Amino acid sequence: MKASVGGYARASSLDHALQLLASAEGAGRVLAGGQSLVAAMNMRLSTGDLLVDISRLSELSGVSDEGDTLRIGALKRHADVGRDALVCAHAPLLAEAVHYIAHAAIRNRGTIGGACAHADPAAEFPACVLALGATMHVAGPHGSRAIPAEDFFEDVFATAIEEGEILTAITVPKAGSGEAQVIEEVARRSGDYALAGLCLVKRDAGHRVSLFSVGPKPILATGAMAALDAGDLDGAVAALAGELDPPSDTQASAAYRRHLAGVLLRRAVARTEGGKA
Amino acid sequence: MTEMFRDKVDVALTVNGEPVEARVPAGQHLIDFLRQTVGLTGAHASCEHGVCGACTVRVNGEAVRGCLMLAAQADGAEVWTVEGLSDSAAIADLQEAFVARNAAQCGFCTPGMLVAAEELLSQGGLPSRAEIREHLSGNYCRCTGYEAIVDAVEDVARARGGEDVARARGGKGAA
Ligand SMILES: Cc1cc2nc3c(=O)[nH]c(=O)nc-3n(C[C@H](O)[C@H](O)[C@H](O)COP(=O)(O)OP(=O)(O)OC[C@H]3O[C@@H](n4cnc5c(N)ncnc54)[C@H](O)[C@@H]3O)c2cc1C
Ligand code: FES
Ligand code: FES
């Protein structure tokens, strides 16, 4: 099938992009890496969009060190996230996650902002930013706002980004010394979306555990986190089973996903303790 | 106020080293443009949703899915397809290895496989078979000739690595 779009405009700056979106009167659609959007348009899951191509806005593609936090531009492509020295040093979870996302050619164009804005429940980056306690920065016609990752992901493909707004950057707290960050997932084939996945961040302030592909949005497993803080891994695995309500689909049953979540938690904890998975 | 949005977009790019100018439909993807307008039918349009890799072409030095990039987005880009890479002999050794290892059966996946494999090989070093498989994991071979394809890529990696070693030794000897 072939895409049917309403029109295309290439934004020359963030302000220009916001103006274009405003002028589209509800039919506007941000085009970043296109790795989800163009696929959806080709399948006619999305038609008549007025495309606002932001992919050339270099102001949205850098990574900068802001002292205690790292600011990652929304247009940073997956492949670049994986090899960025600042990301590898201060947010290694994101760099590790890249290996699980799609295939090399898709990682060459897909962007971290696009992945978060798209909010596929099986995507890695949304769960990573949740585990890291990131802040999502959004610009709109009335200025900018900062949204905690906890409040950003709302439902399947739904986020707190409102009509006319653009996700511009993600800030993540830099990893402290001795902090461990790991991601584990199970997929049928390399590059497939995960059947279930888990991020674990172990900081002085405590553990943070997030899961993906086990519900309509990435989930912060607060029960498991509290049990891990208390040093009770078995309790954490039990808590996890209780706080997840995964879907059954053609890929995996709910029971299998719940089982995998516990397996992934044990693997992740083993890695943070320096053991083998 | 939608006049800033166009349903036809003017683009100027280079394809296989040649300048190309065209007015493209806003929703047309790069592969339809290359096949239907430029007449380069090497890269294939198959699943058109990013799953199979038959459309893999090189854009600005990187292997990308041609079906997931709009032609309108290729303005200013440097695009290489299997035709250009063949004519320039840039991948002659890889193509010879594909023949020698019987890595092309119907050949449908081959143009995409070559572009994807060349990206890995161009990174240098000696990739393991697992790394080769991983890099080609987004390219489906409908004839399932994966072993032979990995064999071919591995042969070229060894041969090119061998050349590097020879060159490095030569350099040392000359110094
Ligand atoms: C075969 C295949 C396998 C894949 N496997 C995985 C996988 O395993 N894991 C995974 O996480 N992803 C996977 N992906 C998706 C890929 O990671 C996409 O790159 C990503 O989901 C979207 O990023 P993008 O930059 O391409 O966004 P686009 O496709 O351009 O946009 C996606 C959506 O987000 C909106 N959007 C994009 N950027 C912004 C912004 N800055 N502000 C506001 N809205 C914005 C768009 O309007 C659109 O609705 C896969 C894709 C394919 C084709
Ligand atoms: S045609 Fe592009 S990936 Fe299948
Ligand atoms: S040779 Fe037939 S699809 Fe690969």
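The values are calculated or read from the model by the stated rules, or taken from the named source; none is laboratory data. As the structure is a prediction and not an experimental result, all values here were calculated from the model. Don't worry about glycine lacking a Cβ; one is built from the backbone with ideal geometry, like all the others, and counts go over all protein chains shown. Ligands, DNA and RNA are excluded from the accessible area calculation, which covers all protein heavy atoms including side chains. Shrake-Rupley method; radii C 1.70, N 1.55, O 1.52, S 1.80 Å.
Key figures for this structure:
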| item | result |
| --- | --- |
| Breaking point among (1) crowded, with 18+ Cβ neighbours inside 10 Å; (2) among the charged types (D, E, K, R); (3) within 15 Å of ligand 1 (Cβ to nearest atom), for residue B:83 | (3) |
| Check on residue A:190, within 17 Å of residue A:257 (Cα to Cα) and open to solvent by less than 60 Å² (accessible area, probe 1.4 Å) | no |
| When residues of the stretch A:1-47 are limited to those that are β-branched (Val, Ile, Thr) and at the interface with chain B (Cβ under 7 Å from one of its Cβ atoms), the one nearest to residue B:46 (Cα to Cα) | A:38 |
| Counted residues, the stretch B:30-59 - those being within 16 Å of residue A:108 (Cα to Cα) and more than 16 Å from ligand 1 (Cβ to nearest atom) | 1 |
| The stretch A:55-71 - residue that is within 19 Å of the chain's Cα centre (by Cα) and open to solvent by less than 20 Å² (accessible area, probe 1.4 Å) and, of those, nearest to the other protein chains (Cβ to nearest Cβ) | A:60 |
| Helices (runs of 4 or more DSSP H) enclosed by the stretch A:178-277 - at least 1 residues per element that are in contact (Cβ under 8 Å) with a residue 40 or more places away in the chain and within 23 Å of the chain's Cα centre (by Cα) | A:222-229, A:254-272 |
| Candidates A:102, A:95 - the one that is within 14 Å of another protein chain (Cβ to nearest Cβ) and either on the phi > 0 side of the Ramachandran plot or free of Cβ contacts under 8 Å to residues at least 24 places away in the same chain (or both) | A:102 |
| Boolean, residue B:74 is surrounded by 18 or more Cβ atoms within 10 Å (Cβ to Cβ) and within 14 Å of chain A (Cβ to nearest Cβ) | yes |
| Search result, residues across the stretch B:124-138 that are assigned to a loop (DSSP other than H, G, I, E, B) and within 9 Å of chain A (Cβ to nearest Cβ) | B:136, B:137, B:138 |
| Among (1) within 16 Å of ligand 1 (Cβ to nearest atom); (2) in contact with a Cys (Cβ under 6 Å, 6 or more places away or on another chain), the one test that residue B:27 misses | (2) |
| Number of the exception - residue B:94 against (1) within 16 Å of ligand 2 (Cβ to nearest atom); (2) crowded, with 22+ Cβ neighbours inside 10 Å | (1) |
| Flag for residue A:15 being more than 21 Å from the chain's Cα centre (by Cα), away from ligand 1 (no atom under 14 Å from the Cβ), closer than 18 Å to residue A:164 by Cβ and not assigned by TED's automatic domain parsing to the domain that holds residue A:86 | yes |
| Selected residue [more than 13 Å from the chain's Cα centre (by Cα), open to solvent by less than 50 Å² (accessible area, probe 1.4 Å) and more than 10 Å from chain A (Cβ to nearest Cβ)] from B:107, B:42 | B:107 |
| Residue satisfying all of: in the stretch B:45-61; more than 20 Å from residue B:107 (Cα to Cα) and open to solvent by 30 Å² or more (accessible area, probe 1.4 Å); nearest to ligand 2 (Cβ to nearest atom) among these | B:49 |
| Condition met for residue A:145 (buried (at least 24 other Cβ atoms within 10 Å of the Cβ) and at negative phi) | no |
| Some residue of the stretch B:17-37 being open to solvent by less than 10 Å² (accessible area, probe 1.4 Å), touching a residue at least 24 places away in the same chain (Cβ under 8 Å) and more than 14 Å from chain A (Cβ to nearest Cβ) | yes |
| Test: residue A:139 is away from ligand 3 (no atom under 16 Å from the Cβ), away from every other protein chain (no Cβ under 13 Å) and buried (at least 24 other Cβ atoms within 10 Å of the Cβ) | no |
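Every residue, every condition in (1) over 21 Å from residue A:109 (Cα atoms); (2) open to solvent by less than 50 Å² (accessible area, probe 1.4 Å), yes or no:
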| residue | (1), (2) |
| --- | --- |
| A:6 | yes, yes |
| A:9 | no, yes |
| A:13 | no, yes |
| A:23 | yes, yes |
| A:29 | no, no |
| A:32 | no, yes |
| A:35 | no, yes |
| A:39 | no, yes |
| A:43 | no, no |
